[in-house]
Each structure stands twice: as structure tokens, then as C-alpha cells.
Amino acid sequence: MTHAHRCPRWLMLSSAVLSGWAFAQGASIYSCVDAQGRRLTSDRLIVACLDREQNELNPSGTVRRVIPPSMTAEERARAEARQRADNEARARAAEERRKEHAMLIRYPNAQTHQRARLEAVRQIEAVIEAVQLRQQELEKQRADILNEMEFYQRDPSKAPEWLKQRQADNLQQMASQQAYLADQQRELNRIHQRFDEELAVLQRLWQERDQAAR
């Protein structure tokens, strides 16, 4: 007598137990072939096959029933669009929760957030101060150039080319510094706005965390 095709007793018992459990739970598997010819299976009705027949299978793999199409192709397209929108909304919500969690770790209290704000502001203010000092230097240069140009008030065209070029360079640098200063002022405003928005979120997160800890 050969034992080549006999299953181990423990495997037979495990299969029987699992099968019995699945029947007790009334578990079903849904199967279909979608519009692209792919065989799909799921533990619930398959959205991609709502416009075609689906087989509801018993845990043993036999067909329990055939489910007729419940949607037209147009209805299924709308359902899939809704499902994509729902998935995207859930993904955005999960990403927002992740960002909030990271923010809470970075700023566990109001003091750490305020210190970060002051440091960011300090860096921009240091740049603004440097620009303002440069503007003062350019103003002094401009005063010197105007003093030299007084000799040519009656006919500025007679001023030497080096002096004309110096005056043009001075005006260009002053305009550049003024534009750069305006950019830094806008950046300073953006920093305060960002920290204000963060603070509004953090105040809610701190409150929720403290309530959960009680």
C-alpha cells in the first residue's frame, strides 16, 4: 500500500476546520472578467464589473449564484469617478493627518513655535538690515556724484564718460536694492502669515492632545 497521495492528517483537519469556519461565517468571494479581459476577485462586489455578470463563489470555490449587471457602462464610469474622488479625498485627509502629526512633534508647545518664528524673522531682518546699509552707501555715492556733476550743470553732456557711467551704475544699483528690499519685506509677511496659520492648527492639536491625556 502506497502513501504517496495521502494528505497528512493535520493538513486534512486544518482544511476541514477552515472550510467549516468559512461556511459558518457565510463568506463569499466575487469573481468576474473586466472590460480589459482581466480576471478579478474580491470579497465584495467588484466595481469594475458592475456592467457585467459576476460570480459569487462559495468558500469551496463553487458558484453560489450569478449576479447580473447592476449598472450600465455610463453608470459604472460615474461610480468609478466617485470612487476615485473618494479615494483621493481619503488620501488627502491621511496626508493632512501625517503633516499635523509631524507639526505636533516639531512644535510640542507654544514656546517652541514662538522660538521658531522669532528665528525665521531674525534671519530675514538681518538681510533687510544689510540691504538698508547698502542703500545708505549708495546714497552717499549718489551725493558725491551730484557734487561732481555740479561742474557740468550748464551742459551735462560735457561731463566725462566715467562720471556718467558712475551715475548710471549708482542709479541701477539703487533700483536693484530697492526691489530686493521689497522682496524681503514680502517674505517677512509670508513668514508671519505661515506661522499664524500653523499656530491656529497647533492650538487645536495641543488641545486635542491634552484632552486625550486626561
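The values are calculated or read from the model by the stated rules, or taken from the named source; none is laboratory data. Note that this is a predicted model, so its numbers are computed, not measured. Note that we place each Cβ from the backbone using ideal geometry, even for glycine, and neighbour counts take in every protein chain shown. All accessible areas refer to the heavy atoms of the entire protein, side chains included, with ligands and DNA or RNA removed. Shrake-Rupley method; radii C 1.70, N 1.55, O 1.52, S 1.80 Å.
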Worksheet entry | For the chain, accessible area per residue (1.4 Å probe, heavy atoms of protein chains only), Å² | 74
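Determine the sum of side-chain charges near Q135: Lys and Arg each +1, Asp and Glu each -1, restricted to other residues whose C-beta is under 13 angstrom from that of Q135. The partial results should precede the final answer.
Working: positive: R134, K140, R142; negative: E129, E137, E139.
Net charge in that neighbourhood comes out at 0.
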Item to complete: Find the centroid of the Cα atoms in region 112-158 and in region 35-87, then give the distance between the two in whole Å.
Response: 70
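Tell me, what is a quarter of the convex hull surface for the C-alpha atoms of the chain, in nm² with one decimal?
Values: hull surface 120.9 nm².
Its Cα hull, projected and averaged over all orientations, spans 30.2 nm².
Based on the Cα coordinates of region 75-138, what is the per residue volume of their convex hull in Å³? Mind dumping the intermediate values first?
Values: hull volume 7.3 nm³, N = 64.
Per-residue hull volume (Cα only) is 114 Å³.
By the gyration tensor of its Cα atoms, with a ≥ b ≥ c the square roots of the eigenvalues, what is the shape of region 22-73: rounded for a/c under 1.5, prolate for a/b over b/c, or oblate? Intermediate values should be presented prior to the final figure.
On the way: a/c = 2.41, a/b = 1.97, b/c = 1.23.
Prolate shape, in that a/c is at least 1.5 and a/b is the bigger ratio.
With a cut-off of at most 10 other beta carbons within 10 Å, and DSSP calling the residue loop, which trypsin sites (Lys or Arg not before Pro) in region 69-170 qualify? Please list them. Spell out each step's value before the answer.
Numbers: sites: R76, R78, R82, R84, R90, R92, R97, R98, K99, R106, R115, R117, R122, R134, K140, R142, R154, K158, K164, R166; in loops: R154.
Here the sparse-neighbourhood loop sites are R154.
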